[in-house]
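Okay, structure first, notes after.
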Amino acid sequence: MTIDTTQERKVGSEQVQVRIVDSDVHPTPRYGEIDEFISDSLRALLAQRSAMSGNPVYYDAPDYNHAFAMRTDSFPDDGNFAGSDPDLTFRQLIMDAGSDIAILGPLPNGGQTDEEAHELAAAYNQWQDKCWLDSENNWHQRYRGSICAAIEMPEAGAREIEEWVGHPYMSQVLINAEPRPSWGHPKYDPIWAAATRHDIPVACHLGRGQHNELPMSPVGFMTYNHDLMVSYSMLAANQVMSLIFDGVFDRFPTLKIVLIEHAFNWILPLMWRMDAIYAARGPENGLKRKPSDYVKDHIWFTTQPLDYPEDKLELTHALEWMEADKLLLFSSDYPHWTFDDPQWVAKHMPEQWRDKIMFQNSIELFHLPSTVPALPGQKRPY
């Protein structure tokens, strides 16, 4: 569905309070839309890969061959891919689901070398600015973008941050989760330095590694998609430990990290274990505080996927023990088939923390407005 009339693209002076901030929304370029932002050589290479050259399908989501792990209703009528139509996204995510602000997290794909990853990151920044955050497509002022930075090339990635950080609708830096070595290595300091210099969070989303590899597990390659879906959080766990034990948060005491779609329940036993080891052998790595204190001050997690046990009380206890009111940000994962409706998520959050998780933490972290222009007919999830 699209909105065609000029009248419908105007916002009035009335403001409403932000009640839902969606921290994980995936826009996709229309076919050919990214071409003007990349070189001729990379364009030709990506065309070959789009014809299934070197493309392994490992994700066995329901009806993958038909819907490609997307909501079937999120494919626009013009034949483009799910999440490629700003108007349809606005209708489904803002008006119908009730998200007040959507933080766009594009996932540049196709890059297999460091240079390709950087060129695509830079192209996606230009594409967001021209095709989603411009006055025509963001007339409602509800979209916020992500500065894509190739962490594989830290110096170049830092330059992308410097170039785009002043954009009025860019709210975070977006990097890959799978580089080698891990994030604690000093080679990545230019990324952290640029982000902290401008007080902008650095987020990462689960994704495929270089050369079309899946993240390697501690015991080798995984056999089934089930292995991936259960164990991919361990990649984030290792990055958390690297950031803490290798001293990144001591070198950059205002750095803020957002882990998108890596689940979150695992952080509680990890904090327990890190604190126990620190109590026994802490002086050897020179940490200034308990590891769990670094987590609570520097790291945030998104709610999707929400692992919901049969006994809701178990989830409530886990959220309380991990102090989820400080660490969680609502996310829907639109337009993926795993989409979590904000009304459903809000219902399962402890009432005393609901506002913190659904919007307050995000407003503070991303420096978002607390009110937005009113949209007549927009759903209010709670």
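When you scan the stretch 206-228, do you find a residue that is farther than 30 Å from R142 by Cα, in contact with a strand residue (DSSP E or B) (Cβ under 8 Å, 6 or more places away or on another chain), modelled with pLDDT under 95 and not in a loop (DSSP other than H, G, I, E, B), even just one? There is at least one residue in the stretch 206-228 that is farther than 30 Å from R142 by Cα, in contact with a strand residue (DSSP E or B) (Cβ under 8 Å, 6 or more places away or on another chain), modelled with pLDDT under 95 and not in a loop (DSSP other than H, G, I, E, B).
Scan the stretch 108-133 for residues that are in contact with a Lys or Arg (Cβ under 9 Å, 6 or more places away or on another chain) and under 29 Å from F330 (Cβ atoms) and the total you get is 3. Flag: P154 does not match the condition of being closer than 17 Å to R30 by Cβ and buried (at least 22 other Cβ atoms within 10 Å of the Cβ).
Any residue in the stretch 87-96 that is closer than 23 Å to T338 by Cα, open to solvent by less than 50 Å² (accessible area, probe 1.4 Å), part of a loop (DSSP other than H, G, I, E, B) and of a type in the set (A, V, I, L, M, F, W, C)?
Our first condition is that a residue be closer than 23 Å to T338 by Cα; within the stretch 87-96, this holds for 87-96.
This time we only want the ones that are open to solvent by less than 50 Å² (accessible area, probe 1.4 Å), so: 87-90, 92-95.
Then drop every residue that is not part of a loop (DSSP other than H, G, I, E, B), which leaves none.
No.
When A121 is tested against the conditions (1) closer than 29 Å to R19 by Cβ; (2) under 19 Å from the mean Cα position of the chain (by Cα); (3) without any contact (Cβ under 8 Å) to a residue 40 or more places away in the chain, the lone failure is (1). Only a single criterion out of (1) out of contact with any strand residue (DSSP E or B) (no Cβ under 8 Å at 6 or more places or on another chain); (2) at pLDDT 95 or above is not satisfied by P305, namely (2). Only residues in the stretch 128-148 that are closer than 14 Å to D85 by Cβ count as the first member; pair them with residues that are among the hydroxyl-bearing types (S, T, Y) and open to solvent by 30 Å² or more (accessible area, probe 1.4 Å), Cβ under 8 angstrom, at least 6 apart or cross-chain, and list the lot. Here the result reads N138/Y169; Y143/Y169, each pair linking the stretch 128-148 to a residue that is among the hydroxyl-bearing types (S, T, Y) and open to solvent by 30 Å² or more (accessible area, probe 1.4 Å). Taking the criterion of being acidic (D, E) and touching a residue at least 60 places away in the same chain (Cβ under 8 Å), the residues of the stretch 169-202 that qualify are D189, D199. I'd like to know if the stretch 363-380 contains one or more residues that are in a loop (DSSP other than H, G, I, E, B), open to solvent by less than 70 Å² (accessible area, probe 1.4 Å) and free of Cβ contacts under 8 Å to residues at least 60 places away in the same chain. Scanning the stretch 363-380, I find no residue that is in a loop (DSSP other than H, G, I, E, B), open to solvent by less than 70 Å² (accessible area, probe 1.4 Å) and free of Cβ contacts under 8 Å to residues at least 60 places away in the same chain, so the answer is no. Of all the numbered requirements in (1) under 15 Å from the mean Cα position of the chain (by Cα); (2) modelled with pLDDT of 95 or more, D355 misses one, and that requirement is (1).
The set of residues in the stretch 340-376 that are within 18 Å of E314 (Cβ to Cβ) and of a type in the set (K, R) contains only K347. Residues that are open to solvent by 50 Å² or more (accessible area, probe 1.4 Å) and charged (D, E, K, R) within the stretch 157-203 comprise R159, E162, E163, R180, K187, R197, D199, listed in sequence order.
Among the residues of the stretch 321-357, how many are open to solvent by 10 Å² or more (accessible area, probe 1.4 Å) and in a loop (DSSP other than H, G, I, E, B)?
Step one: filter the stretch 321-357 for residues open to solvent by 10 Å² or more (accessible area, probe 1.4 Å), giving 321, 323, 325-326, 336-341, 343-344, 347-348, 350-356.
Cutting the leftovers down to in a loop (DSSP other than H, G, I, E, B) gives us 323, 337-341, 350.
So the answer is 7.
Conditions (1) touching a Pro at 6+ places or on another chain (Cβ under 9 Å); (2) under 30 Å from M241 (Cβ atoms); (3) in a loop (DSSP other than H, G, I, E, B), marked per residue:
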site	(1), (2), (3)
S99	yes, no, yes
P106	yes, yes, yes
N109	no, yes, yes
L120	yes, yes, no
K130	no, no, no
P168	no, no, yes
P181	no, yes, yes
G184	no, yes, yes
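Just so you know, in the stretch 116-141 the residues that are in contact with a strand residue (DSSP E or B) (Cβ under 8 Å, 6 or more places away or on another chain) and aromatic (F, W, Y) include one that is surrounded by the fewest Cβ atoms within 10 Å (Cβ to Cβ), and it is W132.
Within the stretch 286-299, residues that are among the small types (G, A, S) have Cβ atoms under 6 Å from residues that are in a helix (DSSP H, G or I) in these pairs: S292/M271; S292/D275, counting only partners at least 6 apart in sequence or on another chain. Residue count for the stretch 262-295 satisfying the condition of being within 16 Å of L235 (Cα to Cα), outside any helix (DSSP H, G or I), open to solvent by 10 Å² or more (accessible area, probe 1.4 Å) and not hydrophobic (A, V, I, L, M, F, W, C): 1.
Hey, among the residues in the stretch 1-27 that are open to solvent by less than 90 Å² (accessible area, probe 1.4 Å), modelled with pLDDT under 95 and polar (S, T, N, Q), which one's nearest to G98 (Cα to Cα)? Working first, answer last.
The first filter runs over the stretch 1-27 and keeps only residues open to solvent by less than 90 Å² (accessible area, probe 1.4 Å), leaving 2-3, 5, 9, 11-12, 16, 18-27.
Adding the requirement that they be modelled with pLDDT under 95 leaves 2-3, 5, 9, 11-12.
Those still in the list that are polar (S, T, N, Q) too: 2, 5.
On the way: T2: 17, T5: 22 Å.
Residue satisfying both the conditions and the ranking: T2.
With respect to (1) assigned to a loop (DSSP other than H, G, I, E, B); (2) out of contact with any Ser or Thr (no Cβ under 7 Å at 6 or more places or on another chain); (3) farther than 25 Å from M241 by Cβ; (4) hydrophobic (A, V, I, L, M, F, W, C), the lone exception for L306 is condition (3). Could we say that G83 is open to solvent by less than 30 Å² (accessible area, probe 1.4 Å), assigned to a loop (DSSP other than H, G, I, E, B) and within 22 Å of L259 (Cα to Cα) here? Considered against the rule, which asks whether it is open to solvent by less than 30 Å² (accessible area, probe 1.4 Å), assigned to a loop (DSSP other than H, G, I, E, B) and within 22 Å of L259 (Cα to Cα), G83 comes out as yes.
The values are calculated or read from the model by the stated rules, or taken from the named source; none is laboratory data. Just so it is clear, the structure is predicted and the values come from calculations on it, not from any experiment. Every residue, glycine as well, gets a Cβ built from its backbone with ideal geometry; the counts of neighbours run over all protein chains shown. Areas reflect the complete protein model, heavy atoms only, side chains present, ligands, DNA and RNA absent. Shrake-Rupley method; radii C 1.70, N 1.55, O 1.52, S 1.80 Å.
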